[in-house]
Structure formats: structure tokens, C-alpha cells
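Asks: So that we are looking at the same thing, I have put the structure below in C-alpha cells.
The values are calculated or read from the model by the stated rules, or taken from the named source; none is laboratory data. Nothing here was measured: the structure is a model prediction, and the numbers come from that model. When we count neighbours, we look across all protein chains shown, and the Cβ atoms used for this are built from the backbone with ideal geometry, even at glycine. SASA here: full protein model, heavy atoms, side chains in, ligands and nucleic acids out. Shrake-Rupley method; radii C 1.70, N 1.55, O 1.52, S 1.80 Å.
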Amino acid sequence: QVQLVESGGGLVQPGGSLRLSCAASGKIFSIGTMGWYRQAPGKQRELVAIRSSGGITNYADSVKGRFTISRDNAKNTVYLQMNSLKPEDTAVYYCYSTVNRYDYWGQGTQVTVSS
């Protein structure tokens, strides 16, 4: 069984920073894309950032220049460094990964940007 476990969410003031982590564990033979999605109340889940195993990245326009995705392949972990946070970044952030050619999701971590 494969699990994605997220950490690092919380409450931060506008302009602040947070770093999310997501570690994949279990019987892992291969990991493809790893990334982050988010879902705000009353809205659909949307892509935030993804990174392929080869290092190709894709960001939502709304986070470009503020968020950075990175991976530690040796640790099966993906990170999301979020800077200059805005109230509109408030959402539940979900880790996503393709492991052993199947799609997996984390349980979600709340990020709240508020003064």
C-alpha cells in the first residue's frame, strides 16, 4: 500500500511564507510526477505546481514567481515553498503523485492566509 503524507500547513499572515512537504511511503517501484493541487471552499480542485521525475515543472499562473516546487528523489519527497502568500491562496493543499503507474493523493493540509 502506498501513502502520501503531507505536512507544513498552517495559519500565516499575508506576505508570509510556508513550506509544505509530502513524502511517499510503502511498496514503491517507481515514482513519476509529484505535485500539489489545492481546493478552496466552494471551488474546484486546481493545479498549483507539478514536477516530473525528469525535473520538468509546471505552475499555475496565479503562483508563478511566488511558489517553488522541488523534489528529493532519494527521499520520495516533494516540497512546495510558498512565499508572498495572499489571502486567495487559502485552501486545502493536496499532494499528488504517480506511483507504480497509479495515481495517489494525500489527505490534504490546510493553508490559511489571514491577518
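Asks: Mind checking whether some residue in region 62-72 is of a type in the set (Asp, Glu), part of a loop (DSSP other than H, G, I, E, B), at negative phi and surrounded by fewer than 20 Cβ atoms within 10 Å (Cβ to Cβ)?
Replies: Looking for residues that are of a type in the set (Asp, Glu), part of a loop (DSSP other than H, G, I, E, B), at negative phi and surrounded by fewer than 20 Cβ atoms within 10 Å (Cβ to Cβ), one finds none in region 62-72, hence no.
Asks: Next question. Which residue is farthest from residue 16 (Cα to Cα), if the candidates are limited to region 84-107 and must be open to solvent by less than 20 Å² (accessible area, probe 1.4 Å) and not aliphatic (A, V, I, L, M)?
Replies: So, considering only residues that are open to solvent by less than 20 Å² (accessible area, probe 1.4 Å) and not aliphatic (A, V, I, L, M), the one farthest from residue 16 (Cα to Cα) is 97.
Asks: Please enumerate the residues belonging to region 18-38 that are outside any loop (DSSP other than H, G, I, E, B), among the β-branched types (Val, Ile, Thr) and over 14 Å from the mean Cα position of the chain (by Cα).
Replies: Of everything in region 18-38, just one residue is outside any loop (DSSP other than H, G, I, E, B), among the β-branched types (Val, Ile, Thr) and over 14 Å from the mean Cα position of the chain (by Cα), namely 31.
Asks: The conditions are (1) part of a strand (DSSP E or B); (2) open to solvent by less than 70 Å² (accessible area, probe 1.4 Å); (3) farther than 13 Å from residue 111 by Cβ, and residue 15 fails exactly one of them. Which is it?
Replies: It fails just one condition, (1).
Asks: Moving on to the next point. Would you pick out the residues in region 18-32 that are closer than 14 Å to residue 80 by Cα and open to solvent by less than 50 Å² (accessible area, probe 1.4 Å)?
Replies: Selection gives 18, 20, 21, 22, 23.
Asks: Starting from residues that are polar (S, T, N, Q) and open to solvent by 40 Å² or more (accessible area, probe 1.4 Å), keep the ones in region 51-61 and report whichever is nearest to residue 98 (Cα to Cα).
Replies: 53
Asks: Which ones in region 1-40 are among the β-branched types (Val, Ile, Thr) and closer than 14 Å to residue 101 by Cα?
Replies: Scanning region 1-40 gives 2, 28, 31, 33.
Asks: Does residue 38 count as surrounded by fewer than 15 Cβ atoms within 10 Å (Cβ to Cβ), under 15 Å from residue 112 (Cα atoms) and either among the polar types (S, T, N, Q) or at pLDDT 95 or above (or both)?
Replies: no
Asks: What are the residues in region 3-12 that are over 14 Å from residue 89 (Cβ atoms) and surrounded by 14 or more Cβ atoms within 10 Å (Cβ to Cβ), if any?
Replies: Scanning region 3-12 gives 4, 5, 6.
Asks: Output the residues belonging to region 76-101 that are farther than 14 Å from residue 43 by Cβ, touching a Gly at 6+ places or on another chain (Cβ under 7 Å), of a type in the set (Ser, Thr, Tyr) and in a strand (DSSP E or B).
Replies: Listed by number, the residues that qualify are 96, 98.
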